[in-house]
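The values are calculated or read from the model by the stated rules, or taken from the named source; none is laboratory data. Being a predicted model, the structure only gives us computed values, none of them experimental. Quick reminder, even Gly has a Cβ in these numbers, built from the backbone with ideal geometry, and neighbours come from all protein chains shown. Accessible surface is based on the protein model in full, side chains and every heavy atom, while ligands, DNA and RNA are left aside. Shrake-Rupley method; radii C 1.70, N 1.55, O 1.52, S 1.80 Å.
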Amino acid sequence: DAVLKEAGHTIHSGSFCIAGTGVMVATRVGKDSAINKLSVIAKRYKRVLTPTQEKLAAIVQLSVIIMAICTPMIFVAGFLATQDLVPGLGVFRNAVVFVTSLVPQGLVLTAVLSLTIGAISISRYQTLVQRVNAVESMANVTTLCFDKTGTLTRNQLEVIELEPLNGEGEDGIRERLALYINNLGHLNRTAAAVARYTNGDGGQYAPAIVKTREVPFNSARKWGAIVLQDETLVLGAPERVLAHNERTAARARDLARHGYRVLAFARVPGAMADGRLDGDREPLALIVLNDQVREDIQATLDAFREQDVALKVISGDNLETVRAIAREAGMPTDPAFTGDQLE
């Protein structure tokens with residue numbers, strides 16, 4: 001869960017900064033740090049049994065219970081038959097035969113050999129098997145959920161078009177966009193693609209006007225803002241940034257249906273006071289980005305389908321964009337749900 005941190009608060013190593021930037025002072029390092037303590041716990045060996053191993057364990061436990069009940073009965077029967085306080089050799093022989101016949105040695109050996117052969121077979125596909133029973137765990141997979149970016153696509157975003165919305169020329173929009181990008185405290189992959197478009201090399205330069213404050217982008221609000229003295233520049237998902245402008249939103253949805261990632265760039269008169277996207281927003285441009293589908297993705301997905309594995313995509317992108325990319329990769333896209341619908 002995301003936790004808001006203010007200056008002076010404690011931050012534990014191993015946590016992720018999901019929005020914004022900051023400076024920290026390390027107070028515990030090495031074995032005393034939180035991440036190393038977690039690593040020690042995670043490295044403790046925990047044996048997880050597969051369904052077959054659970055059934056074998058149940059059979060062995062049942063056999064032990066039967067032995068615990070029946071073995072004393074053999075000695076009692078021998079005592080009653082001979083009336084001798086010291087059981088004879090025949091009684092011991094009967095008990096040993098009974099115990100050894102109940103231990104399913106061959107069954108356990110067969111299961112171990114089967115898993116070992118499976119591990120050897122799967123290792124031929126350049127796969128490291130750390131536990132032999134992982135082979136059966138793989139065989140029990142029924143559903144595979146994966147992301148879109150970097151899995152279905154090559155994760156090489158590129159700005160292919162800039163559509164001005166306020167009648168201003170593309171050069172003017174590019175200057176404002178560069179002002180936004182160069183004031184960011186951190187460039188994620190999308191912002192880096194925009195930086196390559198505005199700055200030419202994906203780097204950041206000293207902005208012409210320095211921000212007074214930044215509202216960092218995160219996946220919950222789906223937009224970020226740079227607050228200047230006289231205006232606020234906003235960049236984010238069209239359905240959030242330009243929700244009030246139906247014509248622009250419809251154009252963004254049309255682009256998304258073709259598999260493009262679309263960002264809305266807008267301007268808010270005056271400085272944003274409380275970090276909330278309220279008031280009138282002047283649309284400046286739609287930024288259209290493209291991410292190519294992997295060439296071999298259809299063969300990969302077909303291999304999973306042949307194993308009767310259901311495939312599902314979970315993505316933070318626009319629904320229509322994800323649908324278009326999934327269709328291009330050969331996946332069915334109905335039904336599809338947004339996070340708001342699921343909630």
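Some notes on this structure:
- Of all residues in the range 222-237 being within 24 Å of the chain's Cα centre (by Cα) and not in a strand (DSSP E or B), the one that is nearest to Arg276 (Cα to Cα): Lys222
- Qualifying positions in the range 316-343 - among the polar types (S, T, N, Q), touching a residue at least 60 places away in the same chain (Cβ under 8 Å) and in contact with a Leu (Cβ under 9 Å, 6 or more places away or on another chain): Thr321
- Residue selected from the range 153-176 under the condition within 25 Å of the chain's Cα centre (by Cα) and surrounded by fewer than 17 Cβ atoms within 10 Å (Cβ to Cβ), by the criterion farthest from Phe265 (Cα to Cα): Arg154
- Among the helices (runs of 4 or more DSSP H) confined to the range 241-343, the ones with at least 1 residues that are farther than 30 Å from Arg196 by Cβ and either of a type outside the set (Lys, Arg) or out of contact with any helix residue (DSSP H, G or I) (no Cβ under 9 Å at 6 or more places or on another chain) (or both) are located at 246-257, 297-306, 339-342.
- Selection status of Leu109, surrounded by 12 or more Cβ atoms within 10 Å (Cβ to Cβ) and over 26 Å from Arg305 (Cα atoms): no
- Some residue of the range 265-282 being under 24 Å from Gly316 (Cβ atoms), open to solvent by 30 Å² or more (accessible area, probe 1.4 Å) and of a type in the set (Phe, Trp, Tyr): no
- Candidates Glu168, Glu161, filtered to the one that is out of contact with any Cys (no Cβ under 8 Å at 6 or more places or on another chain), at negative phi and part of a strand (DSSP E or B): Glu161
- Test: residue in the range 121-138 that is at pLDDT 90 or above and not charged (D, E, K, R): no
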